[in-house]
Amino acid sequence: MRFSAPVLAFTVPFLMGGCTTAGPADTARSIAPILTTEQARDEFTYAQPTEARVTHVALDLDLDFEARRVQGTATLDVTAAPGADEIVLDSNGLLIGGITDGRGNALGYTIGESVPDKGEPIIVELGDSGGASSRKIVISYASGPDAPALQWLDPEQTAGGEYPFVFSQGQAILNRSWIPTQDSPGIRQTWEARITAPRPLTVVMSGIRQGQPTDVGGGRRAFEFAMDNNIPPYLIAVAAGNLEFADLGPRSGVWAEPEVLPAARQELGDTEQLIEAGESLFGDYRWGRYDMIVLPPSFPYGGMENPTLTFLTPTFIAGDRSNNGLIAHELAHSWSGNLTTYATWRDGWLNEGVTSYIESRITEEVYGKPRAEQEYALSYAALANAVEENGADNPNTAMRSPAAISPFDTVGEAIYDKGTVFLRTVENIVGRERFDAWLTQWFDAHAFQPVTSEMFLADMRANLIDGDSDLEDRLMLDEWVYGTGIPSNAWQPEATAFAAVDDAVAAYARAGTLPATRTWEGWTAAEQRRFLEELPEDLDDTDLAAMDRQLGLSRSGNNEVLFLWLQAALRNEYDPAVPQAEAFLARVGRNKFVEPLFRALWATGDWGRPVATRIYARTRGGYHSFTRGRVDAVLGYEGAGG
Ligand code: BES
Ligand code: ZN
């Protein structure tokens, strides 16, 4: 294996107080605090940040599409406590070529034993710092085979079919498979990067681009980026492919393959309005640009809130902006999640629940109250269903996860939907104006810092409740955050939000009467989803055939609607849906769709299991490692989890 000699990106910095001076703009960077409370302890990192911590990451990497790995150096700024003689980094399969100090002197290191998902520690001896608390270490490395953060795509997996593509997904603990740093959301770092790729590929990252790409010979170009805000390292992201850019507004735009760009640009036409709505509610957008990239369909999520560059599934494109709740959601993370970030994976609701709430507020501003009320009703119903299925006393229905669970394995509804319902409840008890002022204050006070549930509640008590014991009782805060089920004060969705649809659901259940084709076509996507979600569990072939004929479900241009149709059809062993499902599962890699469809097939037993096995044999290779791990577990696939 070839390792490039460590290249020093900067001169050795002057080390003063708690600050380092280095980096492209040579600006002094402030160092984000480390929380030391019990609630902030992350069991999924090897790092010992109170001993020695990373404050800045400088990557100098080549994207090697042949070998399917990244390779180069990471130069880390490290701040160490007096007397600390080593720093512990996280790795997942990284191949280390050597580690030096800032002057090129070799440093000793050991690599510990590997644990599934968590990976292995790299323990680096810090050597003699000459008394300084800060110094640099330079790691020459390559990502290991099958690094789970990176998906390398063959040309056939892209829209254009001509060029390869790669993208990273850092959340939850995947970035340690391509970046040797302290991979914990409570250890915030600034970063910069220089990434090379073969022509004509374009590299994009979750930071601000620095200048134009430069030729580096061998048919390659180098692209430079910087992120001067302290961010949790799971938010460092890269993608490269045959990409073009379209402006959407003064600070926003979209990257996509040329084949996808026109539709993407059209679907994202409301972006500037969405940003303005977010700002009017919860304060300035603090990241400079808000760009998005529409990825190939194997991207395993709907969206990922990488700062300055949201990553999106192409499956959200419906032609009518009806799935733009996704954009409101990822944008909302610019406040909740990216500005204030959970210190540990057990506080998932602080990122995702608060974001779902802000998503609904932005939706209300831009798309109006009826649409926001409908989305709230869908959230409430999803929460109520999850609580019913799991049991109201199931610990997995608590927002703050009671035990150390895998960062990937949380009951979604207890985080996303319960978070929304909680904050809606508080908003309605204290009044919108007062609540918004408090939430804005919360983001300001903890901007670019890690937070915990106990900090959120303490801040609410200090700055919102302010000693009002009657209000304290009415809010039931601890029950919401630490308790299971749905607290009794939960704000109810408006009964009228889906009045027409709920009547249609009742008519179908009572007499088998379907909505007229024209009625169905006049419904919003949320209304169509509501209808499909409320259908009776058991439907026979005649029911399903009539439904598809009258409502055109299998031809829906909205993938959320198409998915719900396929789920209902497969659950009921409807043969004509098998080729439709096969086509969908070959075209879409988003886990939210893929996993439940395989589950539905599997749950039927003799009817669906051979079908699932046959389809999966064909589609598995195209799925992202995350989706693959989830479906492997459903089908009991050999080597499940890998
Ligand atoms: N940050 C999440 C995705 C995520 C969560 C990745 C946890 C890994 C671990 C993202 O913001 C998200 O919530 N995406 C949703 C969007 C939906 C709720 C609108 C998705 O992908 O479906
Ligand atoms: Zn989210």
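The values are calculated or read from the model by the stated rules, or taken from the named source; none is laboratory data. No experiment lies behind these values; they were computed from the predicted model shown. All Cβ positions, glycine included, derive from the backbone under ideal geometry; neighbour counts span all protein chains shown. Ligands, DNA and RNA are excluded from the accessible area calculation, which covers all protein heavy atoms including side chains. Shrake-Rupley method; radii C 1.70, N 1.55, O 1.52, S 1.80 Å.
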(request) State whether one or more residues within the stretch 128-147 are at pLDDT below 95, among the basic types (Lys, Arg) and more than 16 Å from ligand 2 (Cβ to nearest atom). (result) yes
(request) Taking the residues in the stretch 378-407 that are surrounded by 15 or more Cβ atoms within 10 Å (Cβ to Cβ) and within 13 Å of ligand 1 (Cβ to nearest atom) as candidates, determine which candidate is nearest to LEU350 (Cα to Cα). (result) SER401
(request) Could you list, in sequence order, all residues of the stretch 316-357 that are near ligand 1 (Cβ under 10 Å from one of its atoms), of a type in the set (Ser, Thr, Tyr) and over 19 Å from ALA445 (Cα atoms)? (result) SER356
(request) Determine which single condition TRP491 fails, assuming it passes every other condition in (1) among the aromatic types (Phe, Trp, Tyr); (2) more than 16 Å from ligand 1 (Cβ to nearest atom); (3) surrounded by 20 or more Cβ atoms within 10 Å (Cβ to Cβ). (result) (3)
(request) Taking the options ALA583, ALA569, ALA546, name whichever one is hydrophobic (A, V, I, L, M, F, W, C), at pLDDT 95 or above, open to solvent by 20 Å² or more (accessible area, probe 1.4 Å) and under 20 Å from ARG614 (Cβ atoms). (result) ALA583
(message) Checking VAL481 against (1) open to solvent by less than 50 Å² (accessible area, probe 1.4 Å); (2) within 29 Å of GLU365 (Cβ to Cβ); (3) at pLDDT below 95: exactly one of these is not met. Which one?
(response) (3)
(request) Quick one: which residue in ALA437, ALA404 is hydrophobic (A, V, I, L, M, F, W, C), away from ligand 2 (no atom under 16 Å from the Cβ) and modelled with pLDDT under 95? (result) ALA404
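Considering only residues that are in a loop (DSSP other than H, G, I, E, B), more than 12 Å from ligand 2 (Cβ to nearest atom) and open to solvent by less than 10 Å² (accessible area, probe 1.4 Å), which ones fall in the stretch 309-334?
THR313, ASN324
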(message) Which of the numbered conditions does GLY353 fail, given that it passes all the others? Conditions: (1) free of Cβ contacts under 8 Å to residues at least 24 places away in the same chain; (2) within 16 Å of ligand 2 (Cβ to nearest atom).
(response) (1)
(message) For the stretch 362-381, which positions are in contact with a Phe, Trp or Tyr (Cβ under 8 Å, 6 or more places away or on another chain) and either more than 14 Å from ligand 2 (Cβ to nearest atom) or at pLDDT below 95 (or both)?
(response) GLN374, ALA377
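Conditions (1) among the aliphatic types (A, V, I, L, M); (2) more than 22 Å from the chain's Cα centre (by Cα), marked per residue:
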{"position": "ALA398", "(1), (2)": "yes, no"}
{"position": "ILE415", "(1), (2)": "yes, no"}
{"position": "GLU427", "(1), (2)": "no, yes"}
{"position": "ASP444", "(1), (2)": "no, yes"}
{"position": "ALA447", "(1), (2)": "yes, no"}
{"position": "MET460", "(1), (2)": "yes, yes"}
{"position": "LEU471", "(1), (2)": "yes, yes"}
{"position": "TRP480", "(1), (2)": "no, yes"}
{"position": "THR484", "(1), (2)": "no, yes"}
(message) Restricting to the stretch 35-61, name every residue that is assigned to a strand (DSSP E or B) and among the small types (Gly, Ala, Ser).
(response) ALA52, ALA58
(message) Only one of TYR623, TYR616 is closer than 25 Å to GLU560 by Cβ, in contact (Cβ under 8 Å) with a residue 40 or more places away in the chain and open to solvent by less than 30 Å² (accessible area, probe 1.4 Å). Can you tell me which?
(response) TYR623
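Among the residues of the stretch 336-349, write down those that are assigned to a loop (DSSP other than H, G, I, E, B) and either more than 14 Å from the chain's Cα centre (by Cα) or at positive phi (or both).
GLY337, LEU339, ALA343, THR344
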(request) Taking TRP438 as the residue in question, decide whether it is crowded, with 21+ Cβ neighbours inside 10 Å and under 29 Å from ILE231 (Cβ atoms). (result) no
(request) Would you please name the residue that is nearest to TYR416 (Cα to Cα), looking only at residues in the stretch 562-614 that are among the β-branched types (Val, Ile, Thr) and part of a helix (DSSP H, G or I)? (result) VAL594
(message) Given the criteria farther than 24 Å from ARG188 by Cα and of a type outside the set (S, T, N, Q), does TYR357 qualify?
(response) yes
